[in-house]
Amino acid sequence: MKIEIFDSTLRDGAQAEGISFSVSDKIKIAKALDNLGIDFVEAGNPGSNQKDLEFFKEAKSIKFNHTRLVAFGSTRRCNIKAEDDSNLKALLEANTEYVCIFGKSSSFHVEHIINTTLEENLNMIDESIKFLKTNGRKVFFDAEHFFDGYKANKEYAILTLKTAENAGCDEIILCDTNGGTFPDEIIEILNDVKKNISIPIGIHAHNDCGMAISISVLAAMNGCKQIQGTFLGYGERCGNANLSAIIANLELKKNFECLPKGNIQNLTAVAREIAEISNFKLGYNLPYVGSSAFSHKAGMHIDGVYKNSKSFEHISPDLVGNERKFLISEVAGKSTVIAKINKIYPDVEKNDPRLTDIINTIKELEFGGYQFEGADASFELIVHKAFGKFKPFFEVLDFKTIGQGPLEDEKYSASAIIKVMVGDNVEVTADNGDGPVDALNKALRKAIGKFYPVLNKVYLSDYKVRILDGKESATRATTRVIIESTDGESLWSTVGVSKDIIEASFKALIDSIEYKLFKENK
Ligand SMILES: [Zn+2]
């Protein structure tokens with residue numbers, strides 16, 4: 001059975017702490033959702049906000065293949081005519097085939113928050129829907145605070161839905177606006193609603209009890225046709241229902257159809273893209289799409305997965321475009337290292353002497369403070385080097401950094417000079433940066449970027465510093481730096497260790513660049 005997926009990342013998602021979408025961010029997200037085949041993308045309220053209005057203007061010139069854009073607003077204000085309501089008029093100006101309006105289903109909210117009569121609220125629902133229908137729109141009605149309203153005043157809550165249905169609304173969405181209702185209650189109430197309403201019903205859940213995914217999945221299993229949420233669960237407070245997990249659950253476990261056939265394999269890529277545009281790191285432990293969703297660390301688990309992936313994985317990661325990872329740590333032991341090497345060179349035999357060399361190298365480095373868990377790219381480089389597959393792309397002959405301060409008057413706090421050799425060319429370059437590592441990064445890219453333009457797309461997406469034996473040696477302590485780099489499509493992590501934080505960072509940086517160049521030139 002087909003389930004309609006309705007994404008409101010652009011509005012509800014934008015309510016999340018730390019998110020601020022520009023118009024071009026919004027267009028990019030809408031395009032990403034379109035490529036994946038999301039049915040509806042709700043793009044905000046053209047009546048309430050200039051940015052949203054601009055979005056709809058720009059969106060008119062963009063061709064969407066699958067997605068239909070939805071303008072979002074509320075029922076008319078109290079005591080005026082629908083045709084005089086500027087927000088409803090703005091909804092029409094957005095010029096979308098579909099609109100979604102929210103209205104009150106809770107008598108408490110009607111009487112105490114918007115301060116009007118129960119009857120006037122019903123008129124607001126009725127007249128707003130009729131107005132939009134007369135103007136040729138398909139209308140979704142979001143019944144705000146429906147479940148809380150139902151629990152306090154069941155007759156009235158149902159009456160608001162009946163009013164919407166009678167006014168010609170196309171679909172009614174039941175909202176758990178405060179996110180406090182449990183899945184069993186939701187289903188019980190939903191089943192009662194079904195007895196009263198004959199148009200299709202949808203669900204809009206918030207994650208305040210951590211159950212928005214369960215609620216949405218159960219609602220679909222109990223006859224809801226539409227699921228509203230945000231692609232990665234972004235939203236106010238604890239967020240909205242996480243559509244990426246809901247889609248995977250419904251398609252892979254319950255045989256529903258949410259996306260066009262085959263598109264679910266792009267789920268992880270789209271999740272990464274949307275997190276990137278939102279300027280968030282994708283939650284490592286997100287179901288299905290997180291970078292750890294198929295990571296194995298305990299030695300026995302790794303051994304098991306290596307023998308048969310079903311032993312510790314609920315699905316195969318490639319179904320959602322994610323990948324399996326074996327994390328290296330002392331816990332994992334030899335079988336992990338071999339399993340990891342086999343991912344890179346599948347034909348290597350267990351008794352190949354190069355494996356022992358690699359394991360010894362790793363042990364030695366780990367003893368010196370390295371950790372390859374979370375630094376897959378550095379690990380891979382060690383393997384390629386041991387197998388004689390890696391040829392150096394450049395050599396750093398010398399570098400210097402100079403810090404300066406206080407910062408108030410200075411545009412940059414540091415500069416770096418670097419001397420590198422690429423083939424027979426010796427390059428000397430310098431650059432400024434925010435701190436010595438940034439300056440070094442820039443100077444290095446400037447020096448080798450003209451030989452390897454592919455590096456222009458690469459940037460650092462995360463930088464972590466860990467002091468290893470801080471207690472005794474304080475500022476002389478060993479430092480481990482892990483950096484994560486991206487070219488917009490893939491992510492890779494590298495590690496560097498030194499008594500000197502700049503050198504540790506520089507080692508991680510060199511690994512990152514070498515890894516990218518190796519991948520490109522393989
Ligand atoms: Zn919401």
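Residues that are within 16 Å of the ligand (Cβ to nearest atom) and either more than 17 Å from the chain's Cα centre (by Cα) or charged (D, E, K, R) (or both) within the range 211-234 comprise 211, 215, 216, 219, 224, 226, 227, listed in sequence order.
Table: residues versus (1) among the hydroxyl-bearing types (Ser, Thr, Tyr); (2) in contact (Cβ under 8 Å) with a residue 40 or more places away in the chain.
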{"residue": "390", "(1), (2)": "no, yes"}
{"residue": "393", "(1), (2)": "no, yes"}
{"residue": "400", "(1), (2)": "no, no"}
{"residue": "412", "(1), (2)": "yes, no"}
{"residue": "427", "(1), (2)": "no, no"}
{"residue": "430", "(1), (2)": "no, no"}
{"residue": "435", "(1), (2)": "no, no"}
{"residue": "454", "(1), (2)": "no, yes"}
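Of everything in the range 8-40 that is closer than 18 Å to residue 204 by Cβ and modelled with pLDDT of 95 or more, the residue that is nearest to the ligand (Cβ to nearest atom) is 8. Among the residues of the range 419-449, the one identified as surrounded by fewer than 17 Cβ atoms within 10 Å (Cβ to Cβ), under 24 Å from residue 498 (Cα atoms) and of a type in the set (Asp, Glu) is 434. Of the residues that make up the range 190-203, is at least one closer than 19 Å to residue 102 by Cα and within 15 Å of the ligand (Cβ to nearest atom)? Yes, the range 190-203 contains at least one residue that is closer than 19 Å to residue 102 by Cα and within 15 Å of the ligand (Cβ to nearest atom).
Considering only the range 145-156, state which residues are of a type in the set (Asp, Glu) and either crowded, with 24+ Cβ neighbours inside 10 Å or more than 16 Å from the ligand (Cβ to nearest atom) (or both). Let's see the steps before the verdict.
Going through the range 145-156, the residues of a type in the set (Asp, Glu) turn out to be 148, 155.
Across the range 145-156, the qualifying residue is only 155.
Does residue 269 satisfy the criteria of being of a type outside the set (Asp, Glu), modelled with pLDDT under 95 and within 23 Å of residue 211 (Cα to Cα)? Against the criterion (of a type outside the set (Asp, Glu), modelled with pLDDT under 95 and within 23 Å of residue 211 (Cα to Cα)), residue 269 does not qualify. Checked against (1) at pLDDT below 95; (2) within 16 Å of the ligand (Cβ to nearest atom); (3) not hydrophobic (A, V, I, L, M, F, W, C), residue 87 passes all but a single condition, namely (2). Of all residues in the range 345-384, exactly one satisfies the criterion of being among the aromatic types (Phe, Trp, Tyr), modelled with pLDDT of 85 or more and assigned to a helix (DSSP H, G or I), namely 379. Test residue 5 against the criterion of being within 16 Å of the ligand (Cβ to nearest atom), at pLDDT below 95 and not charged (D, E, K, R), and give yes or no. Taking the combined requirement at face value, the residue does not satisfy it. I'd like to know if the range 51-63 contains one or more residues that are among the hydrophobic types (A, V, I, L, M, F, W, C), touching a strand residue (DSSP E or B) at 6+ places or on another chain (Cβ under 8 Å), free of Cβ contacts under 8 Å to residues at least 40 places away in the same chain and within 23 Å of residue 4 (Cβ to Cβ). Within the range 51-63 (the criterion being among the hydrophobic types (A, V, I, L, M, F, W, C), touching a strand residue (DSSP E or B) at 6+ places or on another chain (Cβ under 8 Å), free of Cβ contacts under 8 Å to residues at least 40 places away in the same chain and within 23 Å of residue 4 (Cβ to Cβ)), the answer is yes, since at least one residue qualifies.
Specify which of the listed residues (126, 184, 142) is within 14 Å of the ligand (Cβ to nearest atom) and acidic (Asp, Glu). Let's see the steps before the verdict.
Details: 126 fails: within 14 Å of the ligand (Cβ to nearest atom); 184 fails: within 14 Å of the ligand (Cβ to nearest atom).
Sole residue among the options that is within 14 Å of the ligand (Cβ to nearest atom) and acidic (Asp, Glu): 142.
Give the range 56-104 a look and list any residue that's basic (Lys, Arg) and closer than 12 Å to residue 127 by Cα, or say none. Of everything in the range 56-104, those that are basic (Lys, Arg) and closer than 12 Å to residue 127 by Cα turn out to be 76, 77, 81.
Tally up the residues in the range 235-246 that are more than 11 Å from the ligand (Cβ to nearest atom) and assigned to a loop (DSSP other than H, G, I, E, B), please.
Step one: of the range 235-246, the residues more than 11 Å from the ligand (Cβ to nearest atom) are 238, 242-246.
Cutting the leftovers down to assigned to a loop (DSSP other than H, G, I, E, B) gives us 238.
So the answer is 1.
Looking only at strands (runs of 3 or more DSSP E) that fall completely inside the range 419-501, which ones have 3 or more residues that are of a type in the set (Val, Ile, Thr)? Before the answer, list the steps.
Values: elements: 425-433, 459-467, 479-486, 491-498.
The strands (runs of 3 or more DSSP E) meeting that bar are 425-433, 479-486, 491-498.
Within the range 15-41, residues that are on the phi > 0 side of the Ramachandran plot have Cβ atoms under 8 Å from residues that are outside any helix (DSSP H, G or I) in these pairs: 18/279; 18/280; 37/66; 37/67; 37/259; 37/260, counting only partners at least 6 apart in sequence or on another chain.
What's the number of the condition residue 462 fails, among (1) crowded, with 16+ Cβ neighbours inside 10 Å; (2) closer than 13 Å to residue 505 by Cβ; (3) not aliphatic (A, V, I, L, M)? Unmet condition: (1).
Residues that are basic (Lys, Arg) and in contact (Cβ under 8 Å) with a residue 24 or more places away in the chain: find the strands (runs of 3 or more DSSP E) completely inside the range 89-193 holding 3 or more of those.
Fully inside the range 89-193 and qualifying: nothing.
Which residues, counting only those in the range 157-170, are surrounded by fewer than 24 Cβ atoms within 10 Å (Cβ to Cβ) and either within 16 Å of the ligand (Cβ to nearest atom) or of a type in the set (Val, Ile, Thr) (or both)? Passing the criteria: 158, 163.
Filter the range 194-223 for residues that are more than 11 Å from residue 241 (Cα to Cα) and in contact (Cβ under 8 Å) with a residue 60 or more places away in the chain; which is surrounded by the fewest Cβ atoms within 10 Å (Cβ to Cβ)? Filtering the range 194-223 for residues that are more than 11 Å from residue 241 (Cα to Cα) and in contact (Cβ under 8 Å) with a residue 60 or more places away in the chain, the one surrounded by the fewest Cβ atoms within 10 Å (Cβ to Cβ) comes out as 220.
The values are calculated or read from the model by the stated rules, or taken from the named source; none is laboratory data. Just so we're clear, the structure is a prediction, and the values are computed from it rather than from any experiment. Neighbour counts run over all protein chains shown; Cβ positions are idealised from the backbone, glycine included.
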